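The block underneath contains the structure these notes are about, expressed in structure tokens.
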Amino acid sequence: MRWWDIDPVLELEKDLFPEDAWSRGMFWSELAHARGAEATRRYLVAEVTDEETESGVRVIGYAGLATTGEQADIQTIAVARDHWGTGLGSTLLAELLTAASEFECAEVMLECRVDNVRAQKLYERFGFAPIGFRRGYYQPGNVDALVMRLTDPSTSVQGTQING
């Protein structure tokens, strides 16, 4: 993901997460830590050719990872509704876990809305296990988050078949 991807990512973000969408500033802040020798973030976009858009491409998914020492945190994964069930979420997650391995992280953490069963099943297929809750984590809707952890992301990616 680069700065010019932020506007189309925000459109998708607002569609998928209307109550707790990230702001432009949040994405800018994350991307500021995603380049150079001191990078601690990895952000990706998935695009398809779309001649109806000004740029000729449409963002259909994005994902982000932040690292601190030996721990990585999946910050976000999103897939356009018209691409649900295509394996794109698995592909984005696998890319983030590969990045966590490249950053030499021993474990990967994430928070997932308790009402997002589709995402929870994806994470479980990759070996994430629930370890707790964060009450009222998603605001302003006051929705709880399920906290999940994966140990040794390198073996998870190797052992998971990705469709798409």
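The values are calculated or read from the model by the stated rules, or taken from the named source; none is laboratory data. Owing to the predicted nature of the structure, the values given are computational and were not obtained by experimental measurement. With ideal geometry, Cβ positions are generated from the backbone for all residues, glycine too; neighbour counts draw on all protein chains shown. All accessible areas refer to the heavy atoms of the entire protein, side chains included, with ligands and DNA or RNA removed. Shrake-Rupley method; radii C 1.70, N 1.55, O 1.52, S 1.80 Å.
Structure summary
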quantity: Quotient of C-alpha Rg and 2.2 N^0.38 Å, computed over the chain; calculated: 1.00
quantity: Amide hydrogen neighbours beyond the local backbone of Gln75, cut-off 5 Å, H modeled; calculated: Gly64, Leu65, Ala66
quantity: Probe 1.4 Å - accessible area at Asp5, Å² to nearest ten; calculated: 10
quantity: HN-Hα J in Hz across segment 17-34 - Karplus 6.51, -1.76, 1.60, θ = phi - 60°, x for Gly and Pro; calculated: 10, x, 7, 9, 5, 5, 8, 4, x, 5, 5, 4, 4, 5, 5, 5, 10, 10
quantity: 3J(HN,Hα) from dihedral phi, segment 131-143, Karplus parametrisation 6.51/-1.76/1.60, rounded to Hz, x for glycine, proline; calculated: 10, x, 10, 10, 5, x, 5, 8, 10, x, x, 6, 8
quantity: Sulfur and carbon atoms: percent of accessible area, the chain [1.4 Å]; calculated: 47
quantity: Protection-proxy order for peptides 91-97, 114-120, each taking the mean of Cβ atoms within 10 Å per residue, highest first; calculated: 91-97, 114-120
quantity: Whole-number accessible area per residue in Å² for the chain, which is evaluated in the context of all protein chains at 1.4 Å; calculated: 55
quantity: Cα-based radius of gyration of segment 97-148 once divided by 2.2 N^0.38 Å, which approximates compact folds; calculated: 1.24
quantity: CD proxy at 222 nm, helix term only [per DSSP H run n ≥ 4: -39500 (n - 2.57); per residue of the chain; nearest 500]; calculated: -8500 deg cm²/dmol
quantity: Choice from Glu107, Glu51, Glu19 with maximal GNM fluctuation in the chain (Cα, 10 Å cutoff); calculated: Glu51
quantity: About the Cα centre, charge dipole magnitude for the chain (Lys/Arg +1, Asp/Glu -1 at Cβ), debye; calculated: 420
quantity: Calculated from backbone phi, Karplus (6.51, -1.76, 1.60) coupling profile of segment 71-80 in Hz, x at Gly/Pro; calculated: 10, 10, 10, 6, 7, 6, 9, 9, 10, 4
quantity: For Glu107, distant residues with modelled amide H under 5 Å away; calculated: Ala72, Asp152
quantity: Among Glu124, Glu47, Glu38: highest mean-square fluctuation, GNM of the chain, C-alpha pairs under 10 Å; calculated: Glu38
quantity: GNM top mover of Tyr138, Tyr123, Tyr43 - the chain, alpha-carbon springs below 10 Å; calculated: Tyr138
quantity: Distant-in-sequence amide H partners of Arg149 (H built 1.01 Å from N, under 5 Å); calculated: Ala129, Ile131
